[in-house]
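Below you'll find the structure, written out as structure tokens, and then a few comments.
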Amino acid sequence: MNEQGTEGRIKVEYMCLFFYIKIMVQKQRIYTLCIILIACFSCIPGWPLCTLPDDNPSDVYIIEGINAATNFDFSTAHENFTQLHNLDNNHPAPYFYFGWLLTRMQDFYMNKDYNDILRYLKYADSLADKKLKQHPNNIEALFYKAASKALVAYIDGLKESWWNAAQAGKSMRSYSKKIIELQPDNPDALYFLGTYDYFSDSLPAAQKFIRTLLLIPGGNKERGLHELQEVSEKGYYTKIEAKRTLLIIYVYFEKDCEHAENIAFNLMEEFPNNPFFRLMLSQCYYMKKEWQQSAKILEDVPDSISYLKKYGYSSLLYEIKYWLARTYLHLEEYQQAETILLTIIQDKPKEPAWLYQWALLSLAQCYDIQGDEKHSMIYYRKALQIKNYKDAHSKIKWRLSRRTVLLLEYTDY
């Protein structure tokens, strides 16, 4: 009876805890560690380097499949993973990669159906479990357990299933650490830990408090950067993804244009059909206020990647258009900026969630700079009527209170 009472009390405490967390998330936009991690687990590595010889056909299919998908050649990637499946349909690798490929072909912002992806990951996870029952220290099985958990955390985060996302991320870390304990020189497993270490230590104080409530271990920012740098140099299956993660870190977190520009340029040359790398390189020039260079990188992208809408990548397309319009504002090419912003506003994209409101705000600014007070007020008011994203409301009110200065100033988002 006492044990049952204790169990019931613990369940009530957990329920209260997570209602509290949910309120904090909704009111303060506080995300758990796994929500930060999802930005960096959009590409997961393949079989561990030390378990496969260079001439292994599985090795070839995985590498070519990953590279094709990274270059947005999804049909070639699918062909390679199908060949991988034909080699061994009892191995977790092909099922994991079929699921992973769907995350590349779909934009989760636009497509909320995760069933096929989760079905592949669940089967990959079960096959890994079978291998671990036979050999508890099987590196490949441990690796696919970690990889599957990372991708499940990604999906749970997008579904706003915070508890599930946190637990999946915690499991991913546990499997990765076991791999490193068994093979300290395994650079592919180190990718998971490097990403975890950096982002868990980069959280604001309030978010770290939430993390401790969820019993998620902390990390170390400097160690994470060092680990990711090591993987970007020594990794085999994870080298490209480590570079991609470092690029995200240097652009959005460290604001280190020098390192980011070098990585973005190299990735753009290696994967010319991937518009994300072009956007990142453009952001480097944008942060350095090199407007001409920033515009040059993006100007032909919307037309060249319009075909990606069939895969659901329209949110990326809208984001590229938005930043191109912002660059045109700095170049005082107001007509071009206005045309792009009006297109975005007409389409009213749902994702990224912030973009529609900030397109309204930018168009209002475009009119304001040109002295068109009537139209600028129309779009300022429309932006104020929408849910507040990225502190848009206070920026609008600040601008309206300083209209004479506004004509001479830019405040980027």
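The values are calculated or read from the model by the stated rules, or taken from the named source; none is laboratory data. What you are looking at is a predicted structure, and each value in this text was computed from that prediction instead of being measured. Positions of Cβ are generated from backbone atoms using ideal geometry, with glycine treated the same way; all protein chains shown enter the neighbour counts.
Within region 74-98, track down each residue that is under 17 Å from ASN273 (Cβ atoms) and crowded, with 16+ Cβ neighbours inside 10 Å. Of everything in region 74-98, those that are under 17 Å from ASN273 (Cβ atoms) and crowded, with 16+ Cβ neighbours inside 10 Å turn out to be PHE74, ALA77, HIS78, ASN80. Taking first residues from region 242-256 that are farther than 20 Å from PHE192 by Cβ and partners that are of a type in the set (S, T, N, Q) and surrounded by 16 or more Cβ atoms within 10 Å (Cβ to Cβ), the Cβ contacts under 8 Å between residues at least 6 apart in sequence or on separate chains come to VAL251/GLN283. Of the helices (runs of 4 or more DSSP H) lying entirely inside region 244-319, the ones with 1 or more residues being within 24 Å of LEU360 (Cα to Cα) are found at 275-287, 291-298, 301-304.
Taking the conditions exactly as written (surrounded by fewer than 17 Cβ atoms within 10 Å (Cβ to Cβ), part of a helix (DSSP H, G or I) and of a type in the set (A, V, I, L, M, F, W, C)), does TRP163 satisfy them or not? Considered against the rule, which asks whether it is surrounded by fewer than 17 Cβ atoms within 10 Å (Cβ to Cβ), part of a helix (DSSP H, G or I) and of a type in the set (A, V, I, L, M, F, W, C), TRP163 comes out as yes. Quick check on region 266-304: of everything there that is surrounded by 21 or more Cβ atoms within 10 Å (Cβ to Cβ) and more than 17 Å from LYS243 (Cβ to Cβ), which residue is farthest from the chain's Cα centre (by Cα)? The extreme case among them is ALA295. Quick check on PHE72: is it assigned to a helix (DSSP H, G or I), under 30 Å from SER161 (Cα atoms) and either in the same structural domain as ASP188 (by TED's automatic domain parsing) or not charged (D, E, K, R) (or both)? For PHE72, the condition - assigned to a helix (DSSP H, G or I), under 30 Å from SER161 (Cα atoms) and either in the same structural domain as ASP188 (by TED's automatic domain parsing) or not charged (D, E, K, R) (or both) - is not met.
Per-residue answers, yes or no, for (1) under 27 Å from GLN106 (Cβ atoms); (2) crowded, with 18+ Cβ neighbours inside 10 Å; (3) polar (S, T, N, Q); (4) in contact with a Ser or Thr (Cβ under 7 Å, 6 or more places away or on another chain):
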| site | (1), (2), (3), (4) |
| --- | --- |
| ILE340 | yes, yes, no, no |
| PRO352 | yes, no, no, yes |
| ALA359 | yes, yes, no, no |
| SER362 | no, yes, yes, no |
| CYS366 | no, yes, no, no |
| ASP372 | no, no, no, no |
| SER376 | no, yes, yes, no |
| ALA383 | no, yes, no, no |
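Do we find that LEU101 is outside the structural domain of GLU319 (by TED's automatic domain parsing), modelled with pLDDT of 95 or more and surrounded by 19 or more Cβ atoms within 10 Å (Cβ to Cβ) in this structure? Criteria not met by LEU101. Out of everything in region 183-220 that is of a type in the set (Asp, Glu) and within 18 Å of LYS243 (Cβ to Cβ), what residue ends up being modelled with the highest pLDDT? Of everything passing the filter in region 183-220, ASP188 is modelled with the highest pLDDT.
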